Each structure stands twice: as structure tokens, then as C-alpha cells.
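Here is the structure we will look at.
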Amino acid sequence: MESTSSYRMILQAVLTDYHTRTKDADSTLERQLILDPVHDHYMLMAVGWQGPRRIAHCLIHCDLKDGQVWIQTDSTEPGIAEQLVEQGIPKHAIVLAFLAPYKRPYSGFGVEHAA
């Protein structure tokens, strides 16, 4: 499917850009960009130590499932959904999976709208 391959490229580009822009935000934590186009999992992690405390925090986690981008986790401001839209992924092809299923239709994402 053409849209899946373009969504894959857009996801990788947006996460790579975010990784590059936030690399030095906290020098005690390493940013790890995890791109798995074979299984369609895409993540940005912050890992390391802050004093005696171990940090392994998922900043962004997206999957490609059934021709849609599922945003599983997004701990960024203002969030990556709008960036994905700006790059060409339609809102109906983005599911905010971190929202409860009954709330998703109200988000404006992941829902086909009648013309």
C-alpha cells in the first residue's frame, strides 16, 4: 500500500527531526531513536541516570497498523499528531491510541468525516 510506505517515511523523518532537535535538552539523559520499519514500531526514548535514579522514559511511541499511524505514547509538547498532519498524513489515518477508545471520536483523529 502506497500510503503505508509514505507514512513510514514521514514517521521516520518526524521522529528523526525531533531526536535531532532535543538531543542536548538534558545532558544527563541519552536520547535513543528506535526505528523498526520491518515491524513498523517507531520510538524515541530518554535513558540514563539522574543521580541514583534510573530513567528509561518513552517520549514517543508510534506503530503502523492497518494503514493507520497509532500514536501509543506522546510525552512531547505540543505533540506529534499535528506535525504528522503537516507532513501529509490525513487526520483520519492517525489514531490517538493513548486516549480511551470512547474518547477517540472526539479528538478529530482516526475518524473518517463525511463530505
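Summary table below
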item: Diffusion coefficient, µm² s⁻¹, Stokes-Einstein with Kirkwood Rh over alpha-carbon pairs of region 14-78 at 25 °C and 0.890 mPa s; result: 195 µm²/s
item: Sulfur and carbon atoms: percent of accessible area, region 14-76 [1.4 Å]; result: 51 percent
item: Whole-number accessible area per residue in Å² for the chain, which is evaluated in the context of all protein chains at 1.4 Å; result: 60 Å²
item: Residue with peak Gaussian network fluctuation, the chain [Cα springs, cutoff 10 Å], from P52, P78, P37; result: P52
item: Diffusion coefficient, µm² s⁻¹, Stokes-Einstein with Kirkwood Rh over alpha-carbon pairs of the chain at 20 °C and 1.002 mPa s; result: 144 µm²/s
item: Inverse of mean 1/r across different Cα pairs in region 56-115, Kirkwood, Å; result: 11.9 Å
item: Loop-located trypsin sites (Lys or Arg not before Pro) in region 5-73, at most 13 other Cβ atoms within 10 Å (DSSP); result: K23
item: Filtered chymotrypsin sites (Phe, Trp or Tyr not before Pro), region 1-107: DSSP coil and at most 12 other beta carbons within 10 Å; result: Y102
item: GNM top mover of D63, D74, D17 - the chain, alpha-carbon springs below 10 Å; result: D17
item: Calculated FRET efficiency for the pair K65/S27, C-beta based, R₀ 25 Å, to 0.05; result: 0.10
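The values are calculated or read from the model by the stated rules, or taken from the named source; none is laboratory data. Here the structure is a predicted model, which means the values were calculated and not measured. Neighbour counts are summed over all protein chains in view; Cβ atoms, including those assigned to glycine, are modelled from backbone coordinates with ideal geometry. With ligands, DNA and RNA removed, areas are computed over all heavy atoms of the protein, side chains included. Shrake-Rupley method; radii C 1.70, N 1.55, O 1.52, S 1.80 Å.
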